[in-house]
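Encoded as structure tokens, the structure appears first; notes follow it.
What follows draws every value from the coordinates through simple rules; no lab data is involved. This structure is a prediction, so every number in the text was calculated from the model and none was measured. All Cβ positions, even for glycine, are placed from backbone atoms using ideal geometry, and neighbour counts span all protein chains on display.
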Amino acid sequence: MKIHPCLAQLRAHLESARYTQKVADRYLAVASYFVHFLDKSHVPIESAQPEHVHAYLRGALRIYRRTHGRRPPIEAGWRPSHTSGIHMLLRVVQGRWPPHTVPASPIEEFHAQLCNSYVQWLGDFRGLASETISGHQAMASRLLNWLGERAAGSKLAELTVKDVDSFVAAQSTKLRRPTRKSQALYLRSFLRYLHGRGLLHRDLSATVIAPRVYALENIPSTLSAEDIAAVLKTVRQDRSPKGFRDLAILTLLSAYGLRAGEITALRLDDIDWRREQVRVRHSKTGHETWLPLVRPVGEALVDYLRKGRPKVADREIFIRARAPYRPLHNGSSLYSGIVRRLQSAGVKWLGKHGPHAFRHARAVNLLRAAVPSKVIGDVLGHRASASTAVYLKLATDDLRKIALDVPEVK
């Protein structure tokens, strides 16, 4: 039986990425149905757009209801079972998916150009990191989309305080104070940029009111030494490739207090086995630090590299445990796995307890070992001493020992 050329491409991609046969068969089956749908609609697969995928899914849902007499029991799970194979097919054929969004009107094109110029200005003139720029860009897009046709020409120039207040009120629903404050800072920056370019007659940045957030008002979430020991003990019992990977990640977190993004950014070249050192690229400051490769970390990394890491050409150390075998995307990809490990170890907590809780625990251990604050900041990759000061609140018992006597007022 002759197979469609694009399906042959998909099959070759699935084989090269080492997907399991069961997953590959499912992806190929759904992709073949979609190709048949496009052929009936006289749409070349190279020209397929998101609306064609939506139309196919509507038809597939009608067929499911006729066959079973009901909707899928979990429609949120049924949809990805179809779109995963279709999206992969379109990425293989078209090179990327979803495709680049083409502005549908002159106003959308103006918005896109304005956002792009703002992003370039943030990088070239303000020197902001890419993660910070993404927050500014998202705020600019939200404001322009909210304004719609008013965000162009003379209408944009006549933007009023009332307009800004209405936008802030619409965006601030159910947001916490720290989030509202950061959103206000992003908005002020964009309004100053618009005024500087002459697109606003008046600088409205000063009219954006941010909620007051007191320095060090919150207590960071952390884990006790017993909790960390319990988690590491539980993970050591998992001898699967994923178990070796998670043990290496958790050992790095507990030993050095690294940020999650710094762990996913680690590369094979960052481990100097002869000198027993590991290089850390601090994601916030952009600086590099060489730390001693302590024995538990070295042993966990060796076990993972020998028994758990898939054989791939990527230089990043930590790779997905399932196909497609590619580096972990960013630090946020560690969160759900760490929470599952905490749950399996029977650790109970209040508030957030992702990778950063291990960082906080490491800071507390260093404080209790009488390590100077400056050294702790260097280990954690802090640029300012104020960043380290927040962890002092977690060592209340130790702080009581050095508290100064308050003189009595007579």
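Miscellaneous remarks
- For the stretch 59-147, the spread of Cα positions along each principal axis, largest first, Å: 59, 31, 24
- The radius of gyration of the Cα set in the stretch 52-110, together with its Dmax, comes out at 15.5, 48 angstrom.
- Local net charge near Glu158, Cβ-Cβ under 15 Å (Lys/Arg +1, Asp/Glu -1): +1
- The stretch 5-94: C-alpha gyration tensor shape, a/c 1.5 cut-off, then a/b vs b/c: oblate
- Legend: residue pairs Lys22/Lys233; Lys233/Lys307; Lys22/Lys242, Cα-Cα distance threshold 22 Å; pairs beyond threshold, Lys22/Lys233.
- Under-5 Å amide H pairs with Arg267, H placed in peptide plane, nonlocal only: Ile317
- Both the radius of gyration and Dmax for the stretch 106-207 are 13.0, 37 Å, in that order, over alpha-carbon atoms.
- Cβ-based net charge around Trp97, under 15 Å, with every Lys or Arg adding one and every Asp or Glu removing one: 0
- Computed from the Cβ-Cβ distance with R0 of 41 Å, the FRET efficiency linking Ala112 to Arg275 stands at 0.25.
- Peptide packing: for 251-263, 227-239, the average count of neighbouring Cβ atoms within 10 Å per residue gives the ranking 251-263, 227-239, highest mean first.
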